[in-house]
Structures are given as C-alpha cells and as structure tokens.
Amino acid sequence: MYTFCKQERLCSQKRIDALFQSGHRIMVFPYSIHWQVCPYGTLPEGVPAQVLIATSKRKFHHAVDRNRVKRLTRECYRLHKPTLYQFLTTQNINLVLSINYIHTSILDFHTLNHKFDKITDALIEKIGHLQSNPEA
C-alpha cells in the first residue's frame, strides 16, 4: 500500500489533456492540484488513482533542485496515499491527479508532509461534495 509503482503514474497524454481542460483545481500552497474523477474501471486494476508530479523549470533552473522537489513530493504522496485510496475504493471511483509545486524555494519535508494532510482532506471533501451534487 505504501509503494508508488509505474501503474500509479499518469503517463497517458489523452488523460493529461482531459485533466487540464475539464478537471478541477485546488490550491494548497506550495502546491497546485488539478484533479478529475473518472468512471470506475478506467484505470488499471487495483489502482484507484494515477498521479502526475511536476515542478517548473522556470523556478528551479537546476535539475538537481527539480528532482529534489519531485522526490519529496512523491514521498509525501506515498505516505498519504492509503487514506485517499480507502476513500476512493469505498466510493467506487477513480481519480486522476496532477500535483504541481509552485513555490520558488524548496521547503523541508515536515512542512510538505503537513501540507499533504491538508491536500488529502481537501480532495476528500471536494470529491465527496461532487459525488453528492453531480451538477456542481
């Protein structure tokens, strides 16, 4: 459950385009999260969510810094994934996520981990609201 395998990574260009065109967005500084609910069964078996993790080359000119930010983000996501997966499996839905780091400096792991608590709570709240009010 605490792994982050290849099937959980968002690689499909069609899904990425659909995510940014018709998906929803929430901001929890230093992250901008784009998300979209997919019908159950559209993602690989046993994977209720696929994630794209990105950071800007404009803000971090050196690849070492970009890789560090992405590594920290992946680790935070990996630790908070069971809570999100449990919610998604009880609701019988799939989720496509894009997590973009938008801050100009690298924050420490404890701060980012605390922010992921807020991200997970906000996602669960927004998805629950969307499921109860489908026209919203």
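Largest to smallest in accessible area, the residues Thr73, Thr89, Thr104 fall in the order Thr104, Thr89, Thr73 (1.4 Å probe, all protein chains included). The accessible area of Asp117, taken with all protein chains in place and a 1.4 Å probe, comes to roughly 70 Å². Based on protein heavy atoms only, the range 48-136 ends up with 53 Å² per residue of surface accessible to a 1.4 Å probe.
Here the Karplus curve 6.51 cos²θ - 1.76 cosθ + 1.60, taken at θ = phi - 60°, turns the phi angles of the range 34-44 into couplings of 9, 9, 8, 7, 10, x, 4, x, 7, 9, x Hz, with x standing for Gly and Pro. The listed peptides 4-14, 122-132, ordered by packing as a protection proxy, come out as 122-132, 4-14 (highest mean of other Cβ atoms within 10 Å first). Express as a percent, rounded to the nearest 5, the fraction of DSSP beta bridges in the range 36-136 (both residues included) that run antiparallel. The answer is about 30 percent antiparallel. Rounded to whole Å, give me the distance from the Cα center of the range 22-57 to that of the range 106-136. Their Cα centres are 11 Å away from one another. Of the DSSP H helices in the chain, those that are both long (alpha-carbon extent of 24 Å or more along the helix axis) and hydrophobic (Kyte-Doolittle mean at least -1.0) are 63-91, 109-132.
Computed in the context of the full set of protein chains, the accessible area of the range 1-49 at 1.4 Å probe radius has 55% of its extent on carbon or sulfur. Scaled against 2.2 N^0.38 Å for its residue count N, the alpha carbon radius of gyration of the range 56-133 is 1.25.
The mean sequence separation of alpha-carbon pairs under 8 Å and at least six residues apart, normalised by the residue count of the chain, gives a relative contact order of 33 percent. Over the chain, with a single point scatterer placed on each C-alpha, what log10 of the ratio I(q)/I(0) does the Debye formula yield at q = 0.20 1/Å? Listed by q, the Debye log ratios stand at -1.28.
Annotation: amide H-H contacts under 5 Å for Val47 (H modelled 1.01 Å from N, sequence separation of 5 or more, or interchain): none.
Compute the convex hull volume of the Cα atoms of the range 16-85, divide it by the residue count, and report the result per residue in Å³ as a whole number. Each step should come with its number before you reach the end.
Details: hull volume 8.3 nm³, N = 70.
Spelled out: Cα convex hull of the range 16-85, divided by residues, is 118 Å³.
Within the shell of other residues whose beta carbon sits under 12 angstrom from the beta carbon of Arg74, the net charge comes to +4, with Lys and Arg scored +1 and Asp and Glu -1.
The values are calculated or read from the model by the stated rules, or taken from the named source; none is laboratory data. Given the structure is predicted, the values throughout are model-derived calculations rather than measurements. Ideal geometry is used to build each Cβ from the backbone, glycine not excepted, and the neighbour counts take in all protein chains shown. Remember, those area values only see protein heavy atoms, side chains included, never the ligands or the DNA or RNA. Shrake-Rupley method; radii C 1.70, N 1.55, O 1.52, S 1.80 Å.
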